[in-house]
Amino acid sequence: MPTPAAVILIRHGQSEHHVRGLTGGWTDTPLTTLGHEQARLAAARLKAEITDAPVRILASDLVRASQTAEHIAAAFGVEVEMDARLREYNNGDSANMTMADARAKWPDAGDMRMATRMVPGAETGAEFYARARSLLNELDDGGGLPILVTHGGTIRMLIAAWLQMTDDALDYAHFAAHPTGITVLTSWGEGGRERMVERANDLAHLAGLEGGMLLKDVLR
């Protein structure tokens with residue numbers, strides 16, 4: 001299948017699990033009020049930059065991602081396609097627990113390693129990577145520019161798959177993805193074999209908003 005010329009990745013807005021101290025992964029909580037505002041700003045930003053080009057919006061079926069996607073879909077006047085392969089890392093038995101309780105029971109809860117199941121019922125990193133890669137390998141831009149509304153860990157895997165990284169490179173390789181951060185992947189050349197991260201974790205639409213991410217917050 002031809003590689004799309006570009007793919008846009010966007011992480012969901014702030015979710016209840018962020019403010020309640022819960023684990024992420026498959027813990028399924030809705031957006032906060034701030035998360036909805038972040039999503040509205042991201043949707044307006046995408047619409048202003050893409051204008052009238054056709055788009056295709058795919059989203060994780062976890063509620064924080066699907067709610068974010070609905071804001072973007074409304075801006076473009078299209079429907080959201082749900083795909084469970086865009087879910088966050090399956091954190092197994094630690095889903096729906098507080099992070100403190102999960103780490104008391106399993107000290108490595110919240111971590112991910114490619115060859116190891118960190119919590120009972122969880123995916124290995126290799127299984128997670130294969131899941132994300134399968135979706136990316138099926139994408140084309142025949143239905144419009146793909147916008148994938150997903151999660152921080154999934155964005156990490158999608159970027160790695162786009163760059164054709166090997167499994168063993170991923171135990172300690174990370175890519176930032178803050179709430180509603182926009183990442184743009186591009187390709188060119190024969191069969192789209194040349195790949196680039198054109199934009200990474202762009203948060204300019206959150207400038208001045210409470211919960212925006214400033215350099216001083218990450219350069220510690």
| task | In whole Hz, with x marking every Gly and Pro, tabulate ³J(HN,Hα) for segment 134-150 from phi via Karplus 6.51 cos²θ - 1.76 cosθ + 1.60, θ = phi - 60°. | result | 5, 5, 4, 5, 8, 6, 9, 9, x, x, x, 4, x, 10, 9, 9, 8
| task | Could you tell me which of 2, 142, 169 has its Cα farthest along the dipole of the chain towards the positive end, charges placed at Cβ (Lys, Arg +1; Asp, Glu -1), taken about the Cα centre? | result | 169
| field | Residue-span extension gain [residue 165 to residue 116] - 0.36 nm each, minus C-alpha spacing | value | 15.8 nm
| task | With a Förster radius of 22 Å, plug the Cβ-Cβ distance of residue 103 and residue 173 into 1/(1 + (r/R0)^6) and report the FRET value to the nearest 0.05. | result | 0.45
| For the chain, built as a Gaussian network whose Cα springs stay under 10 Å, the top-fluctuating residue of 118, 165, 157 | 165
| field | Dipole magnitude of segment 2-67, debye to nearest 20 (Cβ charges: Lys/Arg +1, Asp/Glu -1, about Cα centre) | value | 80 debye
| task | Might you report the magnitude of the Cβ-based charge dipole of the chain about its Cα centre, with Lys and Arg at +1 and Asp and Glu at -1, to the nearest 20 debye? | result | 440 debye
| task | Please order 151, 205 by the number of other Cβ within 10 Å, starting at the fewest. | result | 205, 151
| field | Estimated vicinal HN-Hα couplings, Hz - segment 186-200 in sequence order (Karplus 6.51, -1.76, 1.60; Gly, Pro = x) | value | 10, 9, 7, x, 4, x, x, 6, 8, 10, 9, 8, 6, 8, 10
| remark: Long-range amide H partners of residue 22, meaning residues 5 or more apart or on another chain whose placed amide H is closer than 5 Å, are 99
| message | Could you tell me which residue out of 160, 73, 57 lies farthest along the dipole of the chain toward its positive end? Charges go on the beta carbon: Lys and Arg +1, Asp and Glu -1, centred on the Cα centre. | response | 160
| note | Normalised Cα Rg of the chain, dividing by 2.2 N^0.38 Å with N its residue count, works out at 0.98
| remark: Under the Karplus relation with 6.51, -1.76 and 1.60 and θ = phi - 60°, whole-Hz ³J(HN,Hα) for segment 18-31, x at Gly and Pro, equal 5, 9, 9, x, 8, 5, x, x, 8, 4, 10, 10, x, 5
| message | Springs between alpha-carbon pairs under 10 angstrom, Gaussian network model over the chain: which of 51, 180, 29 fluctuates most? | response | 51
| message | If you average the C-alpha positions of segment 87-114 and of segment 18-79 separately, how far apart do those two centres end up, in angstrom? | response | 24 Å
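Each value in this text was obtained by applying a stated rule to the coordinates, not by laboratory testing. The shown structure was predicted, so the numbers you read here are calculated from the model rather than taken from an experiment. Glycine gets a Cβ as well: all are built from the backbone with ideal geometry, and neighbour counts include every protein chain shown.
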